[in-house]
1. Regarding region 171-285, what whole-number volume in Å³ per residue does the convex hull of its Cα atoms give?
2. Highest mean first, how do 192-203, 65-76 rank when packing is the count of other Cβ atoms within 10 Å averaged over residues?
3. Order of 236-244, 48-56 by packing, highest average Cβ count within 10 Å first?
4. For region 80-123, count all C-alpha to C-alpha pairs, find those more than 17 Å apart, and express that count as a whole percent of the total.
5. Using a/c under 1.5 as the rounded threshold, could you call region 158-223 rounded, prolate or oblate? The axes a ≥ b ≥ c are square roots of the C-alpha gyration tensor eigenvalues, and prolate needs a/b larger than b/c, oblate otherwise.
6. Relative to the Cα centre, what is the charge dipole magnitude of region 12-156, using +1 at the beta carbon of each Lys and Arg, -1 at the beta carbon of each Asp and Glu, and rounding to the nearest 20 debye?
7. Net charge around L230, counting only other residues with Cβ within less than 12 Å of its Cβ (Lys, Arg = +1; Asp, Glu = -1)?
8. Which far-off residues, 5 or more places away or on another chain, put their amide H under 5 Å from the one on L251, with H placed in the peptide plane?
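The values are calculated or read from the model by the stated rules, or taken from the named source; none is laboratory data. All of these numbers come straight from a predicted model, not from anything done at the bench. With ideal geometry, Cβ positions are generated from the backbone for all residues, glycine too; neighbour counts draw on all protein chains shown. All accessible areas refer to the heavy atoms of the entire protein, side chains included, with ligands and DNA or RNA removed. Shrake-Rupley method; radii C 1.70, N 1.55, O 1.52, S 1.80 Å.
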Amino acid sequence: MEAFVYTAQPARVVFGAGALQHLGAEVERLGARRALVLSTPEQAAQARRVAEQLGARAAGVYAGAVMHVPVETARAAVAEAARLGADCAVAIGGGSTTGLGKAIALESGLPILAIPTTYAGSEMTPIFGLTEGGVKRTGRDPRVLPRTVIYDPELSLGLPPGLSVTSGINAMAHAAEGLYAHDGNPVTALMAEEGLRAMAAALPRLVRDPADRAARGDALYAAWLCGTVLGAVAMGLHHKLCHTLGGSFELPHAEVHTVVLPHALAYNAAHAPQAMARIARALGAAAGAGAGAVVDAPQALFEQAQALGAPTSLRALGLPAEALDRAADLAAANPYPNPRPLDRGALRALLQRAWDGAAPQA
Ligand SMILES: NC(=O)C1=CN([C@@H]2O[C@H](COP(=O)(O)OP(=O)(O)OC[C@H]3O[C@@H](n4cnc5c(N)ncnc54)[C@H](OP(=O)(O)O)[C@@H]3O)[C@@H](O)[C@H]2O)C=CC1
Ligand SMILES: O=C(O)/C=C\C(=O)CC(=O)O
């Protein structure tokens, strides 16, 4: 085995149906006395229930989270945390709410307890994102890594099948790119392949029955693994393209990941054969393909998304055709680690296929 470096992220995970019951004890374990509960406006009722559960340990509710964390929202939340004398943030919701918790932690150092209800995986990463003047910047800072994560599959029962699928594929994207990361290692590869297998197996069950508790648990387990990979190693072309399309053209995060992933993998396939073999093995195993069956990883992902009823074209997400040239310019502009060198013409062709909803092509 070759030499490698693996840095574990020190989050505590409490996992299982009904795990939310441990919230009070977990807040106490953090040494916190006044937790500010965060959510989106739509999930405010759930946040209030969480605050009631915390009783005297709740400082209040801030239900102002929005996608991509505008700096104005972050500043307002930091001010509210200070006004209420909060010494901890409890973020219940998807990546948008966790992201707001991270913005507070970045400014104030408050510990975060995250309770994820989607599969985005932000709860397992020291990565933050902030949007100012229509431009999103991301960074890494150990202060924003949640100290404790409560994964309770009961809380994701209400996540609609369409969102479950796109959010699940968002998670799979972290694992897939982690498998060819320049700073990857055998431990993150193990987590990535298992995360891909578990998510690919869970999603068809969730589409058949969104109330399938076992499948919800498997999907959250997969999200945890995939999020851990995102937090541990560098992402490449796929995440860059999605940030460009999401940040500059305001496309929805998980849906963009779903459309772009097969195409980004096809772009890199010939330059990352071992990663492709592991992705294919994970997808083949999930689909019940016999031992030794050959599965084309990008094509298998494309077909799985189609079969699950997910969007497969950028056109369907509302991207105007005129935006493709600028998106290609932006994606080719700044260097970042990727197995295949960035070629503006090839990226433009990739984007065209993703816009058309065509099958991925190496
Ligand atoms: N820093 C990091 O490491 C990462 C950051 N991110 C960031 O997170 C954001 C995306 O996260 P994502 O989770 O996809 O987006 P959101 O948190 O915006 O959630 C997506 C949708 O899911 C809905 N939802 C969430 N939970 C439930 C539930 N239990 N029942 C019903 N509906 C629910 C939300 O509804 P509603 O609006 O009603 O609450 C929303 O419409 C992006 O900003 C992305 O950049 C993503 C991955 C990693
Ligand atoms: O944009 C962020 O907030 C940080 C990372 C991600 O969103 C990862 C992703 O693209 O899913």
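1. Working: hull volume 11.6 nm³, N = 115.
Spelled out: Cα convex hull of region 171-285, divided by residues, is 100 Å³.
2. Highest mean packing first, the order is 192-203, 65-76.
3. Going from most to least packed, we get 236-244, 48-56.
4. Tail of the P(r) past 17 Å holds 26 percent of the pairs.
5. Here region 158-223 falls in the prolate category.
6. Using Cβ point charges on Lys, Arg, Asp and Glu, region 12-156 gives about 280 debye.
7. On the way: positive: R140; negative: E123, E177.
Residues close to L230 contribute a combined charge of -1.
8. G246
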